[in-house]
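To keep things clear, I will list the structure first and then write my remarks on it.
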Amino acid sequence: MGTPAIERGDITGIVLAGGLGRRMSVDGQGVDKGLQPFRGRPMVQHAIERLAPQVGTLLVNANRNQERYRALGWPVVSDAFEGFAGPLAGLHAGMRAARTRYVVTVPCDSPFLPSDLVARLSEALVAAPGARLAVARTGTQPHPVFALLERALLDDLEAFLAGGRRKIDAWHASLPAVEVDFTDEAAFRNINTPQELRTCEGTGASPGDSSRVPGETGVRMTAPQSLAEAIGCLSDYDPDALPVASVREIVERVLTPVEAIERVAIRAALGRVLADDLVSPIDVPSSDNSAMDGYAVRADDLAAHGPTALRVAGTALAGQPWTGSADRGEAVRVMTGALMPEGFDTVVVQEAVSVDGECVIVPAGQQRGQNRRRRGEDLACGKPALHAGKRLAPADLGLLASLGFVEVAVRRRLRVAFFSTGDELRSVGEPLGPGEVYDSNRYTIFGMLTRLGVEVIDMGVVRDDPDALEHAVRTASECADAIVSSGGVSVGEADFTRRVMARLGDIAFWSIAMRPGRPMAFGRIGKASYFGLPGNPVAVMVAFYFFAREALLRQMGVRAEPLPFVRARCASAFRKRPGRTEYQRARLVREADGTMTVHSVGNQGSGVLRSMSEANCIVVLHHDQGAVAPGDAVDCVAFEGLI
């Protein structure tokens, strides 16, 4: 009589939502991943709905926002261990609360988990004598957070955690376990980053699924929300102290790419955004060829021990294949890129052999197939060479040429109108009166937009007059996809600006919890997005690079990642109080020992543009971070390639 099957009612499902979610956060401070909106609902709800029919009961492990999780209709348990101790701590909390013989775990950020996950894990556990744990696997990759195990292992887990150990795969390795093969690799992938979230939500596919709607062109994105809808998705919206991460989330929800597509020659495609996947029409390489200068041989001709003498039958060059025939015991001299002669499977580099008259002496120890590039090894015919949303770089142009493309489909250039506001501003070349200054912001914005690759529309200086502002904004909204202004959005300046914008569009005015760049306005005017940046020169640049840039890239259709951080040690102290994000100008220096240090450039006033010119990076001091002492590590965004 066989071992009885595990009944569904004997299993408690545990959805793990207690992580810190650093990779999902745009500022590295962490977000509650399970509550991130995904296709109109919290991401965790998708995991719950797929798991619930497979188990007798279910609970959620969460360490923040427990009431919001409880509102989904299932019990919520928190870690007994402090400090976001990882999935094992969540499993421990779930096992303590469960009353069934078995528990099964899934992560909150896997909304595509298999509908037969629990059944297959159960069957495998029953069929494996002595096993107490069943873990899902695709190929050679186990997925330890997708596991079914005996609740009686709780004491063993508590002892493991009490010893300060946290790695789930290390605990699994100590248990009698069985791995269960699944073929759908994408079903087990986590949505870890904002980019992955956008991709999955936009394509209707899992992170590993590149399927597209037949006949559709370009990058699919989610339908835009109104400003009010986007704001309504935030649980803690405060326009007078809005965190940086919340601003980015709102902006991302409101904007979509330009739809118009045009075809351009590849020499005109540098910096343009691909409108659709480009599929390779050929194999690269097109034939098997030599990866090194040397000698093509047959591996079967080589002695297992000791050297082998082979007669050289001919020579093959790149572009000049050898067309002769060779008998057993012969070799062909080959240059890098030369087609592999028929019947030969291995290349021995010329430095490894010795030549004796018409023969080459090959030492023992050669591996079959070495130094041979196979047909389609780099890129197989029919596979995507470049994906939609890619902003084409010089290497991409070379790749396109290597595949024989003459032209490509790209999104129309984004049109961005920009202007400065203020009666005190004068254009360069004009004389300055008392209290007047030259308009530097317009030139800074022009440079930043040009570097971004958009079509710029300079609308000059707009005076502090409601009619003048309304005329400028109306004109800009009729000819541009986006509008960028500087000045007129801070408290005291923005009274008539608010009235004008309220008549023209859907605009929100914020005080962002950041420095510099606290005041900002964002919204839509007609079909154009609007970014109202501060008036101080440094604040303009910071607000542009950390808000407007990513938003404009999204409108361009670029699959953009957040700006990458460089980690460096502080050579000097940075004053900072928790509760806001600060962006401080500094210089990155590579020391003699190869380590990176960062040095403040001094005066951090938002009007000191000279310090921005002297800096080569921005030090990002995150929302919850306090003062930084010399020697502390901080995140930096390098200017190279950005400014």
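Assorted remarks:
- Extending 7 Å from Cα along the Cβ direction at residue 234 and again at residue 311 yields two label points whose distance is 8.2 nm.
- Cα shape, the chain, gyration tensor, a/c 1.5 rule: oblate
- Applying 0.36 nm per residue to the separation of residue 263 and residue 496 and subtracting their alpha-carbon distance, the gain on full extension is 79.5 nm.
- Taking 0.36 nm per residue of separation and subtracting the Cα-Cα distance, full extension of the segment from residue 7 to residue 301 would add 99.9 nm.
- Per residue solvent-accessible surface (Å²) - the chain, probe of 1.4 Å: 45
- From phi via Karplus (6.51, -1.76, 1.60), per-residue ³J(HN,Hα) for segment 108-115 in Hz, x at Gly/Pro: 6, 9, 10, x, 10, 4, x, 6
- Relative contact order, percent, segment 85-170 [alpha-carbon distance under 8 Å, six or more residues apart]: 40
- Stretch gain in nm, segment residue 407-residue 184, where the contour uses 0.36 nm per residue and the Cα spacing is subtracted: 76.7 nm
- Spatial extent of segment 335-386: Rg and Dmax, with the Cα atoms as the point set, Å: 14.8, 49
- Within straight-line reach of residue 33, meaning a Cα separation under 21 Å, sit the following lysines at least 8 residues removed in sequence or on another chain: 167.
- Stokes-Einstein diffusion coefficient of segment 215-324, Kirkwood radius over Cα pairs, 4 °C, 1.567 mPa s, in µm²/s: 60
- Residue 364-residue 141 FRET efficiency (beta carbon distance; Förster radius 35 Å; 0.05 resolution): 0.45
- Heavy-atom accessible surface of the chain: percent carbon and sulfur, 1.4 Å: 49
- Here the relative contact order of the chain, from alpha carbon pairs under 8 Å that lie six or more residues apart, stands at 10 percent.
- If both residues of a DSSP beta bridge must be in the chain, then about 60% of such bridges are antiparallel.
- In the chain, the DSSP-assigned H stretches of four residues or longer account for a calculated mean residue ellipticity at 222 nm of -6500 deg cm²/dmol, using -39500 (n - 2.57) per stretch and the full residue count as denominator.
- Nitroxide proxy distance, nm - points 7 Å out along Cα→Cβ at residue 49 and residue 327: 7.3
- Global geometry of segment 89-129, whether rounded, prolate or oblate, following the gyration tensor of its Cα atoms and the 1.5 cut on a/c: oblate
- R0 of 56 Å, Cβ-Cβ distance residue 381-residue 569: FRET efficiency to nearest 0.05: 0.70
The values are calculated or read from the model by the stated rules, or taken from the named source; none is laboratory data. Quick caveat, the model's predicted, so the values are computed rather than measured. As a convention, Cβ positions derive from the backbone with ideal geometry for all residues, glycine included, and neighbour counts pool all protein chains shown. In case anyone asks, the SASA skips ligands and DNA or RNA and just uses the protein heavy atoms, side chains included. Shrake-Rupley method; radii C 1.70, N 1.55, O 1.52, S 1.80 Å.
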